[in-house]
Structure formats: structure tokens, C-alpha cells
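Okay, structure first, notes after.
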Amino acid sequence: MHVSAINAILSFSAALVLHEMGHFFAARACRVPVIQAGFGWGPRLFGLRVRKVDYQLHLLPLGAYVRMDVSTLQKRPLFQQLFVLLAGIVVNLILAAAAWGTFFGTLNLVLALSNLFPFYQQDGWKSGMVILRRVLKRRSPLVEWSFTLYPGLMGLFLLIRVLCC
């Protein structure tokens, strides 16, 4: 499969924006206020405010984000919290199935699966934190730090193992 640089950039950008739109619309459906939505990284090129949401476009097309009122999200039932947190992954899985066999489909599948890992600030990590807090019925710094650091330490261990052997 030959992929041009333009195809790669456009596909990656579209997959990221659609992923974040999943979070955006899930938050709206659960009445969690969205504060900011943006595309890119680095210096801000353009911004506008529509219906209490600040939309921003940044210089480098690397990443996308949706910021919502976390305190409101945390007050929602567990199902709604997980719905909002996992909506982007579901969008990527649907896009992967719809575009199966293409670069765009593969890219969406990789994005969905990689977001499930419990790495810090990924959707899998956020969902794991919500579940841990519900199971424990409270916050536990020891458990939360362990959950945060363990995947990174395992990745480092695997990297060392691959490089040394």
C-alpha cells in the first residue's frame, strides 16, 4: 500500500478530529459542558467562541483535543462517564470497519487500540481511573500512581529487553 505524505497527514488529521468529535457529541448527549475544542499543537493560529465553546486551530497538525467540565463529568453515573471517555475509540473502530483495507481504516484501528492502553492521559487510562475510583469508592493516591506508572515501567522493561537481547 503506497501512501503519500499528503494522504498520511490528511488521514491522520481526519482520524484525530473525528475521534475528538466522538467525545464532543457524547459529552453533549450527557449534558457535560464542553469548554474548548482544538486541532493541532503549538502557537494558536485562529480561534473563535461559539455557544460557550472556544474553538482553536494551532500551527502544527499534530493532535486534537476536547476539554470539558471535569467536575460535571465526575458527577455523572459511571456508564455516562465511560460513554464520554470511550466515545472517541468507538468512532475510530466504526471508521476502521467502514474503511477496512485502506490506510485510513488501518490508521483508525491503530488509534482506537492504542487509546485503550492505560497510558497517562489516554482514554484507557482515564476510563481505568474512573473504574478504580468507583470500585474503591474513593480516591487512592497509591493505587492511582501505581496504575499510572505501571504501564510506562512495563513498556520500558520491554524496550530494554528488546534492545539487550
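The values are calculated or read from the model by the stated rules, or taken from the named source; none is laboratory data. Just so you know, these numbers come straight off a predicted model, no measurement behind them. Using ideal geometry, Cβ is built from the backbone for each residue, glycine included, and neighbour counts are taken over all protein chains shown.
Hey, Arg161 hits all of (1) part of a helix (DSSP H, G or I); (2) in contact with a strand residue (DSSP E or B) (Cβ under 6 Å, 6 or more places away or on another chain) but one; which does it fall short on?
Every condition holds for Arg161 apart from (2).
Within the stretch 125-143, track down each residue that is surrounded by 15 or more Cβ atoms within 10 Å (Cβ to Cβ), without any contact (Cβ under 8 Å) to a residue 12 or more places away in the chain and either among the polar types (S, T, N, Q) or more than 14 Å from Gln74 (Cα to Cα) (or both).
Within the stretch 125-143, just Val143 meets the criteria.
Across the stretch 124-152, what is the total count of residues that are out of contact with any Phe, Trp or Tyr (no Cβ under 9 Å at 6 or more places or on another chain) and either closer than 29 Å to Val17 by Cα or in a helix (DSSP H, G or I) (or both)?
15
State all residues of the stretch 1-38 that are closer than 25 Å to Leu82 by Cβ and not aliphatic (A, V, I, L, M); if no residue qualifies, say none.
Selection gives His19, Glu20, Gly22, His23, Phe24, Phe25, Arg28, Cys30, Arg31, Pro33, Gln36, Gly38.
I'd like the residue in the stretch 38-61 that is assigned to a strand (DSSP E or B) and of a type in the set (D, E, K, R) and, out of all such residues, is surrounded by the most Cβ atoms within 10 Å (Cβ to Cβ).
Only one residue tops the list, namely Asp54.
Across the stretch 9-37, what is the total count of residues that are surrounded by fewer than 18 Cβ atoms within 10 Å (Cβ to Cβ) and farther than 30 Å from Phe103 by Cα?
Total satisfying the criteria: 5.
Would you say Ser146 is of a type in the set (Gly, Ala, Ser), closer than 14 Å to Ala27 by Cβ and either exposed (fewer than 14 other Cβ atoms within 10 Å of the Cβ) or assigned by TED's automatic domain parsing to the domain that holds Phe25 (or both)?
Criteria not met by Ser146.
Restricting to the stretch 67-77, what's the tally of residues that are in a loop (DSSP other than H, G, I, E, B) and charged (D, E, K, R)?
The number of residues fulfilling the criteria is 2.
May I ask you to say which residue of Ala26, Ala64 is under 14 Å from the mean Cα position of the chain (by Cα) and within 24 Å of Ile6 (Cα to Cα)?
Being under 14 Å from the mean Cα position of the chain (by Cα) and within 24 Å of Ile6 (Cα to Cα) holds for just one of Ala26, Ala64, which is Ala64.
Go through Ala64, Ala112, Ala97 for me and flag whichever is of a type in the set (A, V, I, L, M), under 21 Å from Leu18 (Cα atoms), at pLDDT 85 or above and not in a helix (DSSP H, G or I).
After applying the criteria, what remains is Ala64.
Among residues belonging to the stretch 105-124 that are surrounded by fewer than 16 Cβ atoms within 10 Å (Cβ to Cβ) and among the hydroxyl-bearing types (Ser, Thr, Tyr), point out the one that is nearest to Phe12 (Cα to Cα).
Restricting to residues being surrounded by fewer than 16 Cβ atoms within 10 Å (Cβ to Cβ) and among the hydroxyl-bearing types (Ser, Thr, Tyr), the top hit is Ser114.
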